[in-house]
Amino acid sequence: MDSPSMPDTSEPAGESARRTPWLTIAVIYLGGVVAAMSFGKFSPVGPEVAAELGLSLSQLGWVISAVVGVGAAAGLPAGYLVRRIGAERSLVAGLALTAAASAASVAAPDFGWLLTARVAEGIGYLLIIITCPALVVRLATGRDRGTALSIWATFVPMGLGASTLAGGALASALGWRGWIALVAGLTLAMALVLWARLPRGPGRQTAGPRPRAGALWWPLVLAAAFCLAILVTLPVIVLLPTLLIEQQGYSAAAAGALTSVISVLSAIGGLAVGVLLRRGIPVGVLAMTGLLTLPAAWLLFGDHGSASAALAGAAIVSIENGFLGALGFAALPLVLERLDHADVGNGVVAQAGSLGSLLGPPLFGLVAAGLGFGALVPAIAVGILAAVGLLLLVGRRASR
């Protein structure tokens, strides 16, 4: 009987002499931030869009979440598509499609038009979130790879934070259509920058053999952990304004401002992963920090009536959201059979993360509406314990 093959994650010849091209990685990161801005561009202008186009709250929710829905449905197939046409071309194409779909949204006369444009934008966004980390895996050297991927994992909170802050201010001057057009132009400009910066044509690195089904087992385990972690931490930020208004008596403006600040804290968690991995802390040890979510959930949703405790709990959960998300990205190269499987592996992880992002808020909303906010504490406990358990298995595999 043949012995099982071990992952081929050894560095290419000459790797020790090569330096990580941080400038190129920074440009790729900015591409992700701009994509996340486009993803979140309707959040700060939702009421204006709904009023002008006559959208219900449910329809507005579909407009906002349609982008994530595409990723939840097609992450793995998109990973194979990226492998076929190349990461560089896929990234530029994804940004161009996102820009075109965003521009089409400017002319939207009704819900159907707007939803169709958002679905097209979701395809572009999916290509971006698969190709960017795959390119980071290829460009960064072994010592820098975990740090680079951890930095990459902060693109969503940074993009959403920038979109929320800029959208609220600029939409009042430009109108919601002017704001959307501005984001479309920025996305197109980013596509042109990356088209000029990334290698093209014959010099493009070609992919090796397609990964076997068995080669995706450990990426699937990691993706499941990633999905569960997002499922039980992201909805906390989504529901936080409602909690602060209904349970703590905050005004809508104050609750929105506090939520924006707390959501950006997830970027701190992502950056912390990079620092700790660079210092040689094992993945399994880092996974254990996810258990901090348990007392944080009680502080946030427990029946103690303390506003400061609730905010402290929300801050910890937000940091853990960024920490566990970054750990998912950073651990992927450690469990791939080959590093050039990163495109398909990122497709699996992206699909899992999108599924958690799509299902988490409505599920938490149902639990809170039916059983009260306190019932979310055991729900979060179950999810985070399962996520940490899977990450410990991933950490054990990575250490081998």
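We did not get these values from a lab; they are worked out from the coordinates using the rules stated. Because the structure is a prediction, the values reported are computed rather than measured. All Cβ positions, glycine included, derive from the backbone under ideal geometry; neighbour counts span all protein chains shown.
Quick notes
- Residue among ALA51, ALA78, ALA330 with the largest mean-square fluctuation in a Gaussian network model of the chain, springs linking Cα atoms under 10 Å: ALA51
- Computed as a quarter of the hull surface, the mean projected area of the alpha carbon convex hull for the chain stands at 19.8 nm².
- 3J(HN,Hα) along region 326-337: 5, 5, x, 5, 5, 7, 4, x, 6, 10, 6, 5 Hz, from the Karplus curve 6.51 cos²θ - 1.76 cosθ + 1.60 with θ = phi - 60°, whole Hz, x for Gly and Pro.
- Between VAL45, VAL317, VAL34, the residue with the greatest mean-square fluctuation in the GNM of the chain (Cα pairs under 10 Å linked by springs) is VAL45.
- Helical contribution to [θ] at 222 nm, DSSP H n ≥ 4, -39,500 (n - 2.57), averaged over the chain, rounded to 500: -27000 deg cm²/dmol
- Packing, taken as the mean count of other beta carbons within 10 Å per residue, orders the peptides 80-86, 340-346 from highest to lowest as 340-346, 80-86.
- Protection proxy ranking of 18-25, 112-119, 388-395, 192-199, by the mean of other Cβ atoms within 10 Å over each peptide's residues and highest first, is 388-395, 112-119, 192-199, 18-25.
- Distant-in-sequence amide contacts of ARG338, defined by a placed amide H-H separation under 5 Å and a gap of 5 or more residues or a different chain, comprise ASP8.
- Backbone HN-Hα couplings from phi across region 63-77 [Karplus 6.51/-1.76/1.60, Hz, Gly and Pro as x]: 4, 6, 8, 4, 4, 5, x, 4, x, 5, 8, 9, x, 5, x
- Inter-part distance where region 150-193 and region 40-69 are each reduced to a Cα centre, Å: 16 Å
- Projected over every direction and averaged, the convex hull enclosing the alpha-carbon atoms of region 261-375 yields 8.3 nm².
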